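Trainee: Just dropping this structure here.
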Amino acid sequence: MSQRILLYSDLRPLKGISHSKVQLWRLEKVAKFPKRVQLSPGRHGWVEAEIDAFIAERIAARDEKAA
């Protein structure tokens, strides 16, 4: 099973996430965004499946509020 890793530069064009690196770090600290994976010293990415799940949760929360 392969898992795709998204770099920070992939988040906006592929997933529509436009937060700054600092904001993503803050959200990760309070468990409101998936945690990054360290790829090498100074290089991080996110598991695409976890980002997709995060987006799906946000959509579900929006739909619950509308109902």
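Trainee: Mind telling me which of the residues Lys65, Lys15, Lys32 ends up being among the basic types (Lys, Arg) and touching a helix residue (DSSP H, G or I) at 6+ places or on another chain (Cβ under 8 Å)? Before you say what the answer is, go through the steps one by one.
Mentor: Values: Lys65 fails: touching a helix residue (DSSP H, G or I) at 6+ places or on another chain (Cβ under 8 Å); Lys32 fails: touching a helix residue (DSSP H, G or I) at 6+ places or on another chain (Cβ under 8 Å).
Step by step, each of Lys65, Lys15, Lys32 is checked, and only Lys15 is among the basic types (Lys, Arg) and touching a helix residue (DSSP H, G or I) at 6+ places or on another chain (Cβ under 8 Å).
Trainee: Name the single residue that is surrounded by the fewest Cβ atoms within 10 Å (Cβ to Cβ) among those in the range 7-48 being under 9 Å from the mean Cα position of the chain (by Cα) and among the hydrophobic types (A, V, I, L, M, F, W, C).
Mentor: The residue in question is Val47.
Trainee: Considering the range 43-66 alone, what residues qualify as being among the β-branched types (Val, Ile, Thr) and in contact with a strand residue (DSSP E or B) (Cβ under 8 Å, 6 or more places away or on another chain)?
Mentor: To start, the set of residues in the range 43-66 that are among the β-branched types (Val, Ile, Thr) comprises 47, 51, 55, 59.
Val47, Ile51, listed by residue number.
Just so you know, all these numbers are worked out from the coordinates, no wet-lab data involved. Since the model is a prediction, treat every value here as computed from it, not as a measurement. Ideal geometry is used to build each Cβ from the backbone, glycine not excepted, and the neighbour counts take in all protein chains shown.
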